[in-house]
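Heads up: the structure comes next, in structure tokens.
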Amino acid sequence: MVKICCIGAGYVGGPTMAVIALKCPSVEVAVVDISVPRITAWNSDQLPIYEPGLDDVVKQCRGKNLFFSTDVEKHVREADIVFVSVNTPTKTRGLGAGKAADLTYWESAARMIADVSVSDKIVVEKSTVPVKTAEAIEKILTHNSKGIKFQILSNPEFLAEGTAIEDLFKPDRVLIGGRETPEGFAAVKALKDVYSQWVPEERILTTNLWSAELSKLAANAFLAQRISSVNAMSALCEATGANVTEVSYAVGKDSRIGPKFLNSSVGFGGSCFQKDILNLVYICECNGLPEVAEYWKQVIKINDYQKTRFVNRIVSSMFNTVSNKKIAVLGFAFKKDTGDTRETPAIDVCKGLLGDKARISIYDPQVTEEQIQRDLTMNKFDWDHPLHLQPMSPTTVKQVSVAWDAYAATKDAHGICILTEWDEFKKLDYEKIFENMQKPAFVFDGRNVVDAEKLRKIGFIVYSIGKPLDQWLKDMPALA
Ligand code: NAD
Ligand code: UDX
């Protein structure tokens, strides 16, 4: 029986390993983590992450060929293949701070693998890492290995949160990079044999190590670039009377461009896009390519601009002040169908509104009050981009409340901001909401989820990103 161990039981390690266990009953999979609460949750009925379909997969395999444990060393020692799926956040201090990936967790995992191993192993980079990380990892492993042989593979993960199980069941591609040596080819084949249990052969791509590592950064940069492109267009649409949904549809009909990932929004969030682009920017700078670095940096700058533009639009529409006005924030997660708030645009929008002394009442179906308070009080690391908002002071904390549903959040509010595209926000009783709000009542739709015409008929003043502005908004232009 092949034994797999995955270091890191997070958003990637947990779902990915659960699907491998489900699809490969003859493989024993252990997911290990240093976080005791995380592992306890994986072994309970309340999994540590919300992901549609995940519960079902875990229930089918847990205790059979899928195990969650804090005994990291034991499972690493026994494994034939060790996946490393630890976090690789942006460095916050020292050389490359604000851009480079922090590989502290990766390095300590690699040192531990070298320390505890008593047999040859394939070590798989599942985390997103800078190009050439495999070379550094090889050095750590071989310098500490006591004669044991390690083969390093790069097998980046392309799942998106909210659709992780679907993406893992039917990936567009699985990418495996390895050394172009007989041992390297054999290691690639061993990993390919795992995926080929359910992924068609033509979707398993094999490349050299550096192409695999760079492809992950490139894919995220291209995806984020599409969003920044459509968001840049949304500003021009508002200025000209064009409708961004119509523009995206027309542009996406070109088969060379395609229709996906062209939804204008308040800005992209999530743990990957910003971090991976910053990482790419840093790698370009280190390789003497400042023009290329500057090109990709613009993707983040437009994303920051879009969040700032949204806050400015709210403030200017409401007579240039939201001081002491109640604003309901519907949605805090970075996208629907997840409780994840990492880099969610809601943090910047809320901090922007609090900066203008608004009182905000937040409702999200999956994000806890504790998480929201933590996100809003955390000191956001600022690199050289404009949104260096300060953490909230104790007085500002009092300006934030968390509601148990959308009706409670919007009661007596002056305005509503929709920041996550949860399906339930489309189906709310907006007549009832309107009755219970201060007048004039505003809706600022950061995800284009509501039927703006219907809401206008009820009496709301509605702002939808990238859509023609109504007279009220035209009369109160937002200052960028
Ligand atoms: P995460 O923070 O949810 O999980 C990482 C886990 O690793 C944590 O539970 C942490 O306790 C554990 N860990 C850290 N150091 C450890 C060590 N030395 N030993 C044991 N456990 C350790 O992160 P994530 O979202 O799963 O992301 C993991 C990697 O995958 C990152 O590099 C990320 O860029 C990449 N990625 C993430 C996504 C996504 O959608 N979240 C998608 C593709 C790729
Ligand atoms: C992303 C990549 O899609 C995935 O392949 C990679 O493995 C991890 O990073 P994720 O961040 O989980 O996945 O979600 P994604 O669906 O890409 O959305 C990222 C952000 O972009 C969200 O805030 C989302 O709301 C926003 N978005 C997405 C838009 O604003 N418009 C779009 O058209 C699509």
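Taken together, the values in this text are just the output of simple stated rules run on the coordinates, not laboratory data. This structure is a prediction, so every number in the text was calculated from the model and none was measured. FYI the Cβ positions are ideal-geometry reconstructions off the backbone, even for glycines, and counts take in every protein chain you see.
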Residue (of C61, S119, T92) at the positive-pole extreme of the chain, dipole from beta-carbon charges: T92
Euclidean distance of C-alpha centroids, region 435-476 and region 162-190, integer Å: 47 Å
Charge dipole (debye, nearest 20) of the chain; +1 at Cβ of Lys and Arg, -1 at Cβ of Asp and Glu: 560 debye
³J(HN,Hα), Karplus 6.51/-1.76/1.60, whole Hz, each residue of region 70-81, x for Gly, Pro: 9, 7, 4, 5, 4, 6, 5, 4, 7, 7, 8, 10
Separation of alpha-carbon centers, region 90-143 and region 216-230, rounded to whole Å: 25 Å
Residue-averaged [θ]222 nm for the chain, counting only DSSP H segments that reach four residues, each worth -39500 (n - 2.57): -13000 deg cm²/dmol
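Just check the chain against the gyration tensor rule for me: Cα atoms, a ≥ b ≥ c as the square roots of the eigenvalues, rounded for a/c under 1.5, and otherwise prolate or oblate depending on whether a/b exceeds b/c.
prolate
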Residue list for region 200-239, given a label point 7 angstrom along the Cα-to-Cβ vector of D120 and an amide N cut-off under 20 Å: 209
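Any idea what diffusion coefficient region 1-94 gets from Stokes-Einstein, in µm²/s, Kirkwood Rh on alpha carbon pairs, 25 °C, 0.890 mPa s?
Working: Rh = 13.3 Å.
Translational diffusion coefficient: 184 µm²/s.
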Label-point separation in nm, F185 to W404, each point 7 Å along Cα→Cβ: 6.5 nm
All-pairs Cα distance distribution in region 2-199, expressed in whole percent, bin size 10 Å: 9, 37, 38, 15, 1
Relative contact order [Cα under 8 Å, 6+ residues apart], region 242-464, whole percent: 18 percent
Cα long-axis angle, helix 273-286 against the chain (0 to 90 degrees, to the nearest 10): 60 degrees
Lysines whose Cα lies under 22 Å from that of K411, excluding same-chain neighbours fewer than 8 positions away: K325, K326, K351, K357, K398, K426, K427, K432, K439, K454, K457
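Relative contact order of the chain, please, whole-number percent, based on alpha carbon pairs below 8 angstrom and at least 6 residues apart.
RCO, the chain: 12 percent.
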Cα-based helix-to-principal-axis angle, 104-116 vs the chain, degrees rounded to 10: 20 degrees
Estimated vicinal HN-Hα couplings, Hz - region 49-57 in sequence order (Karplus 6.51, -1.76, 1.60; Gly, Pro = x): 10, 9, 8, x, x, 5, 3, 4, 5
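List the trypsin sites (Lys or Arg not before Pro) within region 34-125 that DSSP assigns to loop and that have no more than 12 neighbouring Cβ atoms inside 10 Å.
Working: sites: R38, K59, R62, K64, K74, R77, K91, R93, K99, R111, K121; in loops: K64, K91, R93, K99.
Counting only loop positions with at most 12 other Cβ atoms within 10 Å, the trypsin sites (Lys or Arg not before Pro) in region 34-125 are K64, R93.
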Calculated P(r) of region 242-464 - Cα pairs past 30 Å, %: 25 percent
Neighbour-count ranking [beta-carbon atoms within 10 angstrom, fewest first] of T92, T163, T245: T92, T163, T245
Simple Cβ-charge dipole of region 242-464, Lys/Arg +1 and Asp/Glu -1, about Cα centre, in debye nearest 20: 540 debye
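Sorted from fewest to most neighbouring beta carbons within 10 Å, what does the list F222, F185 look like?
In order of increasing Cβ crowding within 10 Å: F222, F185.
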Built amide H within the under 5 Å cut-off of N144, gap 5+: none
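Dipole of region 173-281, Cα-centred, from +1 at each Lys and Arg C-beta and -1 at each Asp and Glu C-beta, to the nearest 20 debye?
60 debye
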Dipole of the chain, positive direction: furthest Cα of W422, L153, P345, with charges on the beta-carbon: P345
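Let me check against my output: what whole-number percent is the relative contact order of region 87-206, with C-alpha pairs under 8 Å and at least 6 apart?
19 percent
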Cβ-based exposure ranking for E78, E157, in which fewest neighbours within 10 Å come first: E78, E157
Among F185, V329, A293 the positive-end extreme of the charge dipole of the chain (Cβ point charges): V329
